[in-house]
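Step one of this worksheet: look at the structure below.
The values are calculated or read from the model by the stated rules, or taken from the named source; none is laboratory data. Since the model is a prediction, treat every value here as computed from it, not as a measurement. Cβ coordinates were reconstructed from backbone atoms using ideal geometry, including for glycine residues, and neighbour counts include every protein chain displayed.
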Amino acid sequence: MRFLSPSHLHLLWLALIPLALWLFRRQAKRVPVSTLLFFKSLAREHQESAWLRRIKKWLSLLLTLLVLFFAILALARPSGNLSADAISAVVMVVDCSASMAAQDLQSQTRLDAAKQRVKERIRALPDQTVVSLIAFDARSRVLLSRSRNHRECLRLLDELTPAPIEGKPEAALTVAQRLADLETHSRIWMASDSQPPTGTAVDWIPVALNDPLNVGLTGFQIRHSPLARDRYEAFVKVSAAASNKAKTTTTLEVSISGRIAQLRELDLAPGESSALILPLEGVRGQQLEIRLKTAGDCFGWDNGLAAPLPKTKPLTVAWFAEKPDPFTELALSALIENGRIEMRKGDPKAWPPKEQPDVYVFEHWLPKELPTDRPVIALTPQNSSGALQARAIKSIPHDGVRSVQTDHPVLFRASSSRIVVTQTTLLSLPASIEPLWLAGNETVLAAGEYNGQRLVVTAFSPSQSEQLALLPSFPLILGNALYWCAENSEALTDMRTLHTGEMLHTDSLVQWHAWNGNAFTEVSDDPAHGLLALNRIGSWETGPERSGACALISAAETNLPTLATAAHSIQPTAPVITASAFSTWPKRLIWLALGVLLLESFLFHRKAVY
C-alpha cells in the first residue's frame, strides 16, 4: 500500500492532544457533606468495580484516537500497489477544430459525441487516478493539469465548444506526452473525428460520422482587375469531401450589397475540386457574400464567407531601365491611368533610390546585388546579379511557348496560346525560381522567391516579339506580376484574406459581418491588450480605413473523415479500468471514523463512559 497524499500524515501529531488531556485529567476531590444517604443509594444503582471503570476510560481514549487516525488516513488517500497494467494517470486530448461542428441526423455535433464518450470513461476511473485535460484547434490549451478532481474535469468538458479553425493536433500531443511522462502507468486519450498522427502512442476515441456529406469553400482571393476601373476578380475554389458517396450538386451564390451578382451550379464527384474566376463589378467597400447551398450538407462553416471590395492604395513602382521597351511603357501607362500604380522612373545612375517603393522593376539592367527589402521584376536582364545569372544573346524567335504552371498567379487569365516571343536573354536561375513559360528548352518567364523576396524574370523582348503587342497577355502578365510581388505590402492590405486562428493587431472595437454556419450576422469583438484572435468567418472592420476578410478555407476541415475509414486504422482500445483493492479506502476510512465517533457518543451518553 502507498499514500497518494502522504503530506497529510504529519497531522498524526494531533493525537498528542487527546492523550495529554487523558493523562492530565482532573482527579476526584474529597468534599465534606452533611449526609451520605443519597450517595449510598446512588452507588447501589451504579455499582461497578474499579477495573471496569478503568477499562471504560481506556476505551474512551482509544475511540478518540481511532477517530483522529481514520480521518488523517483518509486525507492521506491510501492506495494499493499498481499492477503492471493498471492506470494511474490519464491525459485527455479533445479536438475542438472546425470539423467537430459537423452534425448528424439528430443535430448532435462531433464535439458533443466526443464529450459524451470521454465523460463515460472519466466516470469509470478510480478516484485516485490523476487526470489532465487538453483542448486544441490551431493552438493547444491545457485546461486541467494533473488533478484528481474528476468533477472539475467534467465541468471543463461541458464548457468546450468547437471553433471555426483548422486543427493542428501535433502541438497538443507533444504537451500531452510531456504530462504523461510525469506519471507512471499513464495513458493518453484523444477524442477526435480524424485519426492521430502516425507514430503517436495514444488511445484514439473516434467520433466521425458514418456517412458525412459535405461541399465547402477551400480557396478564396479577391483583387482589382489590373486593366479596368471598379472591376474586381474573385478566385473561388469549391471542393467536395472524399467521403461523399456520389456526385453532389451544389449552388454557388455570389452577391454584392445584397444583390445577386453570380449564380453557378456545380457537379462535383467525391474528392473533386473546381476553381472559378468570378468577374465582379462594384464600388470599393461594398460587401461581397459567397454562399454554398448543398442538400444534406452536414457542415456549415465552410459554406459561406464575406469580404469587402478592397479599398487598396495604388502600388508604388520604381522602374529603372537602361533602354526602356515601348511596350513595357505602354503596359505600365495603362495601369497608371486606371489608378493601379504610381510610377517613379529612373535610369541606373539614380540607383539606389531615396524612397522605397512597393516593387522594383528593372529592365535591361540589374544592380550588382538584388534588393532584399522589396520584391523585384527583372525584364530581359542583360547582366547578372548574385545567383541570378543572365547574359544577352542574339534574338531567337520562337513560334510558341509552353506553359509549365498554368495555375500560377502571374499567369492569371493570360492565355499562352498564339504567343510568339523573341528571346534576347539566356537565364541561369536559382533553384527557388521556377519556370512558368518555356520556349523550346529555354526559360522565358520564371517566378519564385530569392533572398526572402518574390522575384519575376522575363527573357524576351516585347517589341521584337511578333503579335505580342496585339494581345492582352503581356499587360496582364505585367499587372499580375506587380500584384503578386506586392501581395504582402501595405498597399494591398485589404486584399489579403486572413485565416481563422490568426491574430489581428488593433485597439479598436472590431465589427463583424460574420457567417455562423447558417446565416450572416452582425457581431462585435473587443480586443484585449491590442490583440484579437480571429475566430469568426466573415468580413471585419476596425474603422473607416481598415477592414478585411477572414475565412476558414481549409481543405483538411472540408474533407470530413468517415467512421468506417477510422475503423480500419483504429488503435487497440485501452484496457478496462477497474478499481484496485485500495481504491475505495478513503471513503471507507471516513465512514469508519464517523462510525467510531457515533459509538463513542453512544457510550458516553448512554453508558456513562467518562
- Query: Tally time: how many residues in segment 223-247 are surrounded by fewer than 22 Cβ atoms within 10 Å (Cβ to Cβ) and among the hydrophobic types (A, V, I, L, M, F, W, C)?
  - Reply: 6
- Neighbours by Cβ (under 9 Å, 6+ apart or cross-chain): first from segment 5-25, in contact (Cβ under 8 Å) with a residue 60 or more places away in the chain; second not in a helix (DSSP H, G or I): SER5/ARG77; SER5/ARG148; PRO6/ARG77; HIS8/ARG77; LEU9/PHE3
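This table checks each residue for (1) within 25 Å of LEU75 (Cβ to Cβ); (2) modelled with pLDDT under 95; (3) assigned by TED's automatic domain parsing to the domain that holds ALA114.
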{"residue": "SER132", "(1), (2), (3)": "yes, no, yes"}
{"residue": "ALA135", "(1), (2), (3)": "no, no, yes"}
{"residue": "LEU143", "(1), (2), (3)": "no, no, yes"}
{"residue": "ARG146", "(1), (2), (3)": "yes, yes, yes"}
{"residue": "ASN149", "(1), (2), (3)": "yes, yes, yes"}
{"residue": "LYS168", "(1), (2), (3)": "no, yes, yes"}
{"residue": "LEU182", "(1), (2), (3)": "yes, yes, yes"}
{"residue": "HIS185", "(1), (2), (3)": "yes, yes, yes"}
- Message: For segment 203-228, give me each residue that is within 19 Å of GLN116 (Cα to Cα) and among the hydrophobic types (A, V, I, L, M, F, W, C).
- Response: TRP204, ILE205, VAL207, ALA208, LEU209
- Can you tell me how many residues in segment 452-483 are touching a strand residue (DSSP E or B) at 6+ places or on another chain (Cβ under 8 Å), modelled with pLDDT of 80 or more and surrounded by fewer than 20 Cβ atoms within 10 Å (Cβ to Cβ)? 2
- Message: Every residue in segment 257-301 that is under 22 Å from ALA242 (Cα atoms) and either in a helix (DSSP H, G or I) or among the hydroxyl-bearing types (Ser, Thr, Tyr) (or both), please.
- Response: SER273, SER274, THR294, TRP301
- Task: Among the numbered conditions (1) in a strand (DSSP E or B); (2) free of Cβ contacts under 8 Å to residues at least 60 places away in the same chain, tell me where MET190 comes up short.
- Result: (2)
- Within segment 374-421, restricting attention to residues that are small (Gly, Ala, Ser) and more than 18 Å from LEU436 (Cα to Cα), which residue is surrounded by the most Cβ atoms within 10 Å (Cβ to Cβ)? SER385
- Enumerate the pairs (first residue in segment 172-184 and in a helix (DSSP H, G or I); second residue anywhere and aromatic (Phe, Trp, Tyr) and crowded, with 21+ Cβ neighbours inside 10 Å) with beta-carbon separation below 8 Å, excluding pairs fewer than 6 apart on the same chain, so at least 6 apart or on different chains. ALA172/PHE136
- Task: For segment 429-442, state whether one or more residues are under 26 Å from ARG340 (Cα atoms), in contact with a strand residue (DSSP E or B) (Cβ under 9 Å, 6 or more places away or on another chain), in the same structural domain as PRO348 (by TED's automatic domain parsing) and in contact (Cβ under 8 Å) with a residue 24 or more places away in the chain.
- Result: yes
- Note on the structure: Those residues of segment 193-224 that are of a type in the set (Ser, Thr, Tyr) and either within 27 Å of GLY538 (Cβ to Cβ) or part of a strand (DSSP E or B) (or both) come to a total of 2
- Is there a residue in segment 436-443 that is part of a loop (DSSP other than H, G, I, E, B) and farther than 21 Å from SER225 by Cα? yes
- Where a residue in segment 329-340 is assigned by TED's automatic domain parsing to the domain that holds PRO472 and its partner, wherever it lies, is of a type in the set (S, T, N, Q) and at pLDDT below 80, with Cβ under 9 Å and at least six apart: ASN338/SER225; ARG340/THR312
- Subset tally (residues that are touching a Gly at 6+ places or on another chain (Cβ under 8 Å) and within 17 Å of THR109 (Cβ to Cβ)) for segment 298-312: 5
- Message: Condition (residue is under 14 Å from LEU388 (Cα atoms), over 43 Å from the mean Cα position of the chain (by Cα) and modelled with pLDDT of 90 or more) applied to segment 417-438: is it met by at least one residue?
- Response: yes
- Message: Out of the residues in segment 167-185 meeting the condition of being aliphatic (A, V, I, L, M) and over 23 Å from PRO561 (Cα atoms), tell me which one is surrounded by the fewest Cβ atoms within 10 Å (Cβ to Cβ).
- Response: LEU182
- Message: For segment 302-379, give me every one of the strands (runs of 3 or more DSSP E) that falls completely inside it and has 2 or more residues that are within 30 Å of HIS513 (Cα to Cα).
- Response: 304-308
- Matching option when the condition is acidic (Asp, Glu), over 30 Å from LEU468 (Cα atoms), touching a residue at least 40 places away in the same chain (Cβ under 8 Å) and out of contact with any helix residue (DSSP H, G or I) (no Cβ under 9 Å at 6 or more places or on another chain), among GLU253, GLU281, GLU265: GLU253
- Only one of (1) hydroxyl-bearing (Ser, Thr, Tyr); (2) out of contact with any Asp or Glu (no Cβ under 8 Å at 6 or more places or on another chain); (3) part of a loop (DSSP other than H, G, I, E, B); (4) touching a residue at least 24 places away in the same chain (Cβ under 8 Å) does not apply to SER145, and that is (3)
